[in-house]
Amino acid sequence: MVDIRDFICGKNVSPAVGTALQAALADDRKLFFPAGEYHFYPEGCRQKFCYFSNNDSGVKTVAILLENLENFTVAGDDARLIFHGRISPLCAFNCRNLTVSGLTVDFEDSFVSDADLIRRENGVAWFKFYGKHAVENGKISFTGDFYDNLNGTLPFFCYNAARKELHDVPPVTVANCNVLYKDGLIGLEDRFAALPADTFVVKHERRLCPGMVFDGCADILISNVTLHHAAGMGFLIQNSENCTVRDSGVVPSWRRTAVSDDALHITDCRGKIRIDNCHLAGTLDDSINVHGVFRKLKSRIPGGKMYYLEAGHFQQQGIFNIRPGDEVQLFDRRNGEVYATLHLTGVAPLQPAFIRVFFDENELPPDRFVQGDPALVTGTLADLEVTNTRCAPLNGRGVLASGLKNVHIAGCCFHTAGAGVFISGDYSFWYESGPVGNAVIENNFFDNCDYRSGGATQEPLAVFPELASLKENYFYHGKITVKNNRFRSAERPLVSIMSAAEAVVCGNTYDADDTYVFNPRTEAGYFFTAADSPMAAFCHCGKVTDENNSGFRK
């Protein structure tokens, strides 16, 4: 076991990492951080151009860079890793049997900042900002680099300090210009009248440096790791196989928010994904989002046909978990029906947005194929198990599960601004696939979920594939079972299931609670219910079982 302290010279740990990694490879393949606090600065970090799913691609500054390792461990004994500047703390590429454990990650800089409204006068709102910041040339800056507040805007989310969640009001956005500075306060255009509180969080960064990234890895174990902050996702796992996250968390430290987006985002993986005994709170997007990737099949004919798969969303470019021998299903973009299965004999990446694919053209029905039809690699339909986990994001949902073979969600507690559990299927914007073969959602507590009226869902638990039309006798999802869960909320629709071959809702209980008012959605979204719909509602399902649900309005 190699002790990182033997390689540190001065306060900055970054230059020691590379040498310590080499020593660990020559020893027992374990890099150890004893109890204590370790500070990482950009100087001495490695740089690598990266494509990160649902985050912004580009050259990343990486503190702990693991590449092509096997049977390796990065472990700590209550070690606190503090990062200064725009750094991705740990990135692993093409590693097998990798363990990361016993670490706590935080940042000196804030990518989502806390701010308190002190006073309003003469059209100016004066704020006290917490954390590192400065005012220069009429602009407020936070990291002081080229990427600082690229959008030039400051979205203020009104924060409920008593409940540690956001108020049910839209964010207020002001331009980052003509900023005043006086007596330690920041003066901005006053657009803050009639808000329910004077406490805010301000999201001023893009998704540029997620916390920990695992790309092209297999047999990953993340254990006893806590992330307090990052610009983007907390844990991002992509193109990988067999991943376990247990006894870990993404939670705020001294800030009101943790990561600026999803706590745990898993894209286009194979095998088994396990999440157990985790605490995911204070994020400005979803707690857990696990999905495959729809790509668009296209052909080109200059001197001969060439077929290729194109990324559907720009933040999924460079994400290619596609292999010779894979099956690819083609979907009718209107009703989600699978109309062909292609067997790939070869693949060849062309550029970040495209990968060439080879198959027997006889497998492609010429009367059905339309340029850009959604294509799904069936090998990336993983199994997902989420157990004993608490999800309480500030501005998102609990578990999103799409494009998976089997889903099991049990023993969890959800208190979420959006749906506690959402199963979709999307080839309209994010291109996050797809059908779920079998889902069992049992013994969970949905505690006042979907309490913010600005979201797109209507129920604490929703199954809603994004289909333009529903085809008779064709069902997008397989079997969805919702049993023995407890729901607590104001009276409202609780469970909705659309386009499942079999839907079972049984043994659930409902407790009335008026802590949060139910505001029925007035704009189109991922729901088909009305305010007075049954608490268990079904649309275009095959076999339906709806029984023994205590307190459910019919």
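The values are calculated or read from the model by the stated rules, or taken from the named source; none is laboratory data. The model shown is predicted, which means the values in this text are computed figures rather than measured ones. Because the Cβ atoms are built from the backbone with ideal geometry, glycine has one as well, and the counts that use them run over all protein chains shown. SASA here: full protein model, heavy atoms, side chains in, ligands and nucleic acids out. Shrake-Rupley method; radii C 1.70, N 1.55, O 1.52, S 1.80 Å.
Averaged per residue, what accessible area in Å² does region 162-233 show with a 1.4 Å probe, protein chains only? Walk me through the numbers before you get to the answer.
Details: 2810 Å² over 72 residues.
Averaged over the residues of region 162-233, the accessible area is 39 Å².
Which of rounded, prolate, oblate describes region 103-214, given a ≥ b ≥ c as roots of the alpha-carbon gyration tensor eigenvalues and a/c under 1.5 marking rounded, otherwise prolate only if a/b is larger than b/c? Mind showing how you got there, number by number?
Values: a/c = 1.86, a/b = 1.25, b/c = 1.49.
Oblate.
Subtract the Cα-Cα distance of SER453 and MET306 from 0.36 nm times their separation in residues, and report this length gain in nm to one decimal. Display every interim value, and only then the final one.
Numbers: separation 147, 0.36 × 147 = 52.92 nm, distance 4.69 nm.
Result for the pair: 48.2 nm of gain on full extension.
Go ahead and run the numbers for FRET between ARG5 and TYR130, Cβ-Cβ distance against an R0 of 22 Å, rounding to 0.05. Kindly include the intermediate steps, with their values, before the conclusion.
Numbers: r = 32 Å, r/R0 = 1.45.
Efficiency computed from Cβ-Cβ geometry: 0.10.
I'd like the accessible area for ARG191: 1.4 Å probe, protein heavy atoms, all chains in place, Å² to the nearest 10.
About 130 Å², ignoring ligands and nucleic acids.
Report the full-extension gain for the segment TYR339 to VAL370: residue separation times 0.36 nm, less the Cα-Cα distance, to one decimal in nm.
On the way: separation 31, 0.36 × 31 = 11.16 nm, distance 1.14 nm.
Full extension of this stretch gives 10.0 nm more.
In whole percent, how big is the carbon plus sulfur part of the accessible area of region 125-209, probe 1.4 Å, protein atoms only?
Numbers: 2070 of 4240 Å².
Ligands and nucleic acids excluded, carbon and sulfur reach 49 percent.
Pop out the carbon and sulfur fraction of the accessible area of region 350-507 as a percent, whole number, probe 1.4 Å.
47 percent
Could you sort 467-477, 32-42, 414-424 so that the peptide with the highest average Cβ count within 10 Å comes first and the rest follow in order? Present the calculation step by step, with values, prior to reporting the outcome.
On the way: 467-477: 15.9, 32-42: 17.5, 414-424: 27.5.
With the highest mean Cβ count within 10 Å placed first, the list reads 414-424, 32-42, 467-477.
Convex hull over the Cα atoms of region 470-554, averaged projected area in nm²? Kindly include the intermediate steps, with their values, before the conclusion.
On the way: hull surface 22.9 nm².
In nm², the orientation-averaged hull projection of region 470-554 is 5.7.
Given a 1.4 Å probe and the protein chains all in place, what does the accessible area of TRP430 round to, in Å² to the nearest 10?
Near enough 70 Å² of accessible area.
Provide the per residue accessible area, probe 1.4 Å, for region 283-362, rounded to a whole number of square angstrom. The partial results should precede the final answer.
Numbers: 3280 Å² over 80 residues.
Per-residue value: 41 Å².
Measuring with a 1.4 Å probe in the full set of protein chains, what accessible area per residue, in whole Å², belongs to region 61-120?
Numbers: 1710 Å² over 60 residues.
Using a 1.4 Å probe on heavy atoms only, each residue of region 61-120 averages 29 Å².
Tell me what the chain gives for mean residue ellipticity at 222 nm when only DSSP H runs of n ≥ 4 count, each as -39,500 (n - 2.57), the sum divided by the residue total, rounded to 500 deg cm²/dmol. Walk me through the numbers on the way to the answer.
Working: 1 runs with 13 residues, N = 554.
Counting only the DSSP helices, I get -500 deg cm²/dmol.
Taking Rh as the Kirkwood radius computed over C-alpha pairs, what is the Stokes-Einstein D of region 1-85 at 25 °C in a medium of viscosity 0.890 mPa s, expressed in µm² per second?
Working: Rh = 13.7 Å.
After rounding, the answer is 180 µm²/s.
Do you know the relative contact order of region 370-430, to the nearest whole percent, from alpha carbon pairs under 8 angstrom that are 6+ apart? Kindly include the intermediate steps, with their values, before the conclusion.
Numbers: 95 pairs, mean separation 22.0, N = 61.
Computed over region 370-430, the figure is 36 percent.
Taking the full set of protein chains and a 1.4 angstrom probe, give the accessible area of THR153 in square angstrom, rounded to the nearest 10.
50 Å²
Using a ≥ b ≥ c from the Cα gyration tensor of region 223-297 (square roots of the eigenvalues), is it rounded, prolate or oblate, where a/c under 1.5 gives rounded and otherwise the larger of a/b and b/c decides, a/b for prolate?
Working: a/c = 2.86, a/b = 1.50, b/c = 1.91.
Because a/c hits 1.5 or more and a/b fails to exceed b/c, region 223-297 counts as oblate.
Treating only the Cβ atoms of Lys and Arg (+1) and Asp and Glu (-1) as charged, compute the dipole magnitude of region 197-241 about its Cα centre; round to the nearest 20 debye. Don't skip to the answer; put the middle values down first.
On the way: 3 positive and 5 negative charges, 40 e Å.
That gives a dipole near 200 debye.
First compute the accessible area of region 236-306 with a 1.4 Å probe, then give the percent of it belonging to carbon and sulfur atoms. Each step should come with its number before you reach the end.
Values: 830 of 1950 Å².
For region 236-306, the apolar C and S fraction of the accessible surface comes to 43 percent.
Answer rounded, prolate or oblate for region 180-321, using the Cα gyration tensor with square roots of eigenvalues a ≥ b ≥ c: rounded when a/c is under 1.5, else prolate when a/b is larger than b/c, else oblate.
Details: a/c = 3.17, a/b = 1.50, b/c = 2.12.
Oblate.
Which of PHE214, SER240, LEU185 sits closest to the plus end of the dipole of region 176-243, meaning its Cα is farthest towards the positive end, when Lys and Arg get +1 and Asp and Glu get -1 on the C-beta?
Sorting the options by dipole projection puts first LEU185.
Sorting check: for 76-88, 353-365, 512-524, which peptide has the highest mean count of neighbouring beta carbons within 10 Å, and how do the rest follow? List each step's numbers first, then the result.
On the way: 76-88: 19.5, 353-365: 14.8, 512-524: 11.9.
My ranking of the peptides, most packed first, is 76-88, 353-365, 512-524.
Using 0.36 nm per residue, how much length does the chain from ASN277 to TYR474 gain when fully extended, once their Cα-Cα distance is taken away? Each step should come with its number before you reach the end.
Values: separation 197, 0.36 × 197 = 70.92 nm, distance 3.70 nm.
Gain on stretching ASN277 to TYR474: 67.2 nm.
Please list 439-449, 95-105, 171-181 highest first by mean number of surrounding beta-carbon atoms within 10 Å per residue. Please report the intermediate quantities before stating the final value.
Details: 439-449: 22.0, 95-105: 20.2, 171-181: 15.7.
So the peptides 439-449, 95-105, 171-181, ranked by packing, come out 439-449, 95-105, 171-181.
How high is the relative contact order of the chain? Use alpha-carbon pairs under 8 Å, at least six apart in sequence, and give a whole percent. Before the final figure, lay out the partial values.
On the way: 1690 pairs, mean separation 49.2, N = 554.
Relative contact order comes out at 9 percent.
Residue by residue through region 12-28, which ³J(HN,Hα) values in whole Hz follow from phi under the Karplus form 6.51 cos²θ - 1.76 cosθ + 1.60 (θ = phi - 60°), with glycine and proline marked x?
Listing the rounded values in order: 7, 7, 3, x, 7, 5, x, 5, 5, 4, 4, 5, 5, 5, 7, 10, 9 Hz.
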